[in-house]
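Here the structure comes first, spelled out in structure tokens, and everything after it is commentary.
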Amino acid sequence: MRDNDELIKHLKRAGVLRTKLIADAFQKIDRVDFIKDDFKNEAYADYPLPIGFNQTISQPTTVAFMLELLQPKTGNKILDVGSGSGWTTALLAQIVGQKGQVIGIEKIPELAEFGQENLKKYPFSNAQILPAAKTVGLAKEAPFNKILVSASAKNLPQELIKQLKNGGALVIPISTSIYKITKDKQGKLSSREYPGFVFVPLIESKS
């Protein structure tokens, strides 16, 4: 991939980037701003890249696929779990706009700092990245309209279900599948599985 425009064309041709609001965010939020210097020349390649601490910035196809499942909207309040480089946090911040709010959380303190510094490359007043607490999610800021998780859990974390607003959606990798969990207006859950993905593991606290 030579530049961001070529990457976006590739994602559209692949059928994973369809919604205008999401595509516009990919146009305005450049992946190169969230990559370590050693890998800048691979910024527009469609594969994960190392960001240190055995973590990666996710493959663009996977990020687009997950955001299309999540369907973030203008004005949403969104939790971004495992924010890493900050790329997904920035994409979500661009989508929700100034009336929305995005909070990224990251277990590895150095990556939380890296992601927050990357966010500063854009004039966002509606987004931040915080060090993750011992428990999954961010209960004190709940409920959230949408929750995105960018690392693979062993099981569906019930803490995140509790933090999801009625009418909301959670997109999360579990093992080698991506799941979209929806909570209807009455709080009833439904899920759909999309198999065939590989993620770094979600760092969960031991009880």
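The values are calculated or read from the model by the stated rules, or taken from the named source; none is laboratory data. This structure is a prediction, so every number in the text was calculated from the model and none was measured. Because the Cβ atoms are built from the backbone with ideal geometry, glycine has one as well, and the counts that use them run over all protein chains shown.
Give the residue that is surrounded by the most Cβ atoms within 10 Å (Cβ to Cβ), with candidates limited to residues of segment 8-58 that are in contact with a helix residue (DSSP H, G or I) (Cβ under 9 Å, 6 or more places away or on another chain) and at positive phi.
Across segment 8-58, the extreme among qualifying residues is F53.
Take the residues in segment 93-137 that are of a type in the set (A, V, I, L, M, F, W, C) and in contact with a Leu (Cβ under 7 Å, 6 or more places away or on another chain); name whichever of them is surrounded by the most Cβ atoms within 10 Å (Cβ to Cβ).
V102
So which of V171, V136, V102 ends up being part of a loop (DSSP other than H, G, I, E, B) and either touching a residue at least 24 places away in the same chain (Cβ under 8 Å) or within 16 Å of the chain's Cα centre (by Cα) (or both)?
None of the other options fit; the residue is V136.
Specify the residue that is farthest from L69 (Cα to Cα); the eligible residues are those in segment 188-198 that are assigned to a loop (DSSP other than H, G, I, E, B) and either at pLDDT below 95 or among the aliphatic types (A, V, I, L, M) (or both).
Ranking the candidates gives V198 first.
In this structure, does K180 turn out to be among the basic types (K, R) and either in a loop (DSSP other than H, G, I, E, B) or out of contact with any Lys or Arg (no Cβ under 6 Å at 6 or more places or on another chain) (or both)?
It is false that K180 is among the basic types (K, R) and either in a loop (DSSP other than H, G, I, E, B) or out of contact with any Lys or Arg (no Cβ under 6 Å at 6 or more places or on another chain) (or both).
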